[in-house]
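What follows is a short report on a single structure.
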Amino acid sequence: MNILRYRHNDQNRDVISLFSGAMGLDIGLEQAGLHVVAGQDFDPSCVATMDANGQNVLGGDIRNIEPQQLLDLCRLSPGEPFLICGGPPCQPFSTAGKRLGINDPRGSLFMDFIRMIDFIRPRFFIMENVKGIVSAPLKQVPLSQRDKGDPEQKLGTVLDVILSEFRKLGYKTVYGILDAVNYGVPQFRERFVLIGSRDNENIFLPIPTHFQMHQEEAYRWRTLKDAIYDLEHDCGEYASFSDDRLKFLKLVPEGGNWRSLPPELIPQAMGGAYESGGGKVGFYRRLSFHQPSPTLVTSPVQKATMMCHPTQDRPLSLREYARIQQFPDHWAFMGTTASKYRQIGNAVPVGLAVALGKSIIAVADNNASIETKRFRGTDIHNRIKSAIELGGDYIGK
């Protein structure tokens, strides 16, 4: 890698990646036209994956890493990197299970991301996370420690704190929930994305490029068949369902789940979950070739989040997981089978990352929009644009 090629150039496109994982975000940014000069992760399997694919990587706990170490690795100075990207571990903010917010120590890792931004001062940053971060509550403050002048003190959310910290650093920000399926990814996958600009540039979230309905096939949602059909009988490494679960899965048709089982078998198949609430859509779930994949999970064989192949009596394989996340076929994943599933399942889909990279490049190149004088039909165009940006449907009147 020629990491000095943009050092004193206004066209600098150097990226430092934090919490890189299997590098789905980084691959997409590269495909968009950026240049990832270094990655970082705590997980030894992720570090091994980056090494195996020839990436420049700094392993270790980010809490013990000084920003200058990353700059030295890239031979860059503060203010020179074009972009810092990353997703601090998201478990505390998940919408599933206990919502601990920053009660969980891992919730503080976003402060280390902010610490890196503060010292390195990239032109832009991208921070991604699960959508639950938007409403994740702050740690409860005991009454004895609250401001006595405000007994009903509002605690706010983790996002409130994050936005406040970036404002203190002088970064302009935009954020929202993006669904990867709207960017050419064969998967429904909602992620929180926060983009920041050091120089008050007109940053924006990428406009969707793919739609459930469109007159051109190239702009319609991608399906599971588009991604993995050719791997049906040559799928490579995969985990296994237990015999107890497999006997029920064999009775489920393509696109079905536990509700497709014979009624008399459902109580036995579901066990204790039979009486629980919720839709339980992941129990004995067999996917459909004709729809985008559900959100990939970190293990396809767990009872509540099964990812069974549409026609084969097995879970999706690692190669199929990687295809759905749009990793190149040559990309190597290191570690145990369980670790590989976790790395792929936690990744940012490449197609979404490409869209993020292109939106930032368009801002940097100042060519994201066409300036026009007012003309007949502007109101219609604005309504369409608003509907697209909100991820909704436009109905002409």
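The values are calculated or read from the model by the stated rules, or taken from the named source; none is laboratory data. This is a predicted model, so every value here is computed, not measured. All Cβ positions, even for glycine, are placed from backbone atoms using ideal geometry, and neighbour counts span all protein chains on display. Note: accessible area is taken over every heavy atom of the protein model, side chains too, but ligands, DNA and RNA are not part of it. Shrake-Rupley method; radii C 1.70, N 1.55, O 1.52, S 1.80 Å.
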Out of the range 184-197, which residues are open to solvent by less than 60 Å² (accessible area, probe 1.4 Å) and part of a loop (DSSP other than H, G, I, E, B)?
-> G184, V185, P186, R189
Would you call T95 modelled with pLDDT under 90 and of a type in the set (S, T, Y)?
-> yes
Answer yes or no as to whether G279 is at pLDDT below 95, loosely packed, with under 13 Cβ neighbours inside 10 Å and either assigned to a loop (DSSP other than H, G, I, E, B) or touching a strand residue (DSSP E or B) at 6+ places or on another chain (Cβ under 6 Å) (or both).
-> yes
Taking the range 206-224 and keeping only residues that are under 21 Å from R323 (Cβ atoms) and either at pLDDT below 95 or within 19 Å of the chain's Cα centre (by Cα) (or both), one is left with T209, H210, W221, R222, T223, L224
Kindly provide the set of residues from the range 356-373 that are hydrophobic (A, V, I, L, M, F, W, C) and more than 12 Å from the chain's Cα centre (by Cα), ordered by number.
-> I360, I361, A362, V363, A364, A368, I370
Positions within the range 49-59 being open to solvent by 40 Å² or more (accessible area, probe 1.4 Å) and part of a helix (DSSP H, G or I), in sequence order = D51, A52
Considering only residues of the range 284-324 that are surrounded by 19 or more Cβ atoms within 10 Å (Cβ to Cβ) and among the aromatic types (F, W, Y), which is farthest from the chain's Cα centre (by Cα)?
-> Y284
Residues being open to solvent by 30 Å² or more (accessible area, probe 1.4 Å), within 22 Å of G184 (Cβ to Cβ), in a helix (DSSP H, G or I) and not charged (D, E, K, R): count how many of those fall in the range 325-359.
-> 1
Give the residues of the range 225-266 that are crowded, with 18+ Cβ neighbours inside 10 Å and either at pLDDT below 95 or in contact with a Cys (Cβ under 6 Å, 6 or more places away or on another chain) (or both), sorted by residue number.
-> L249
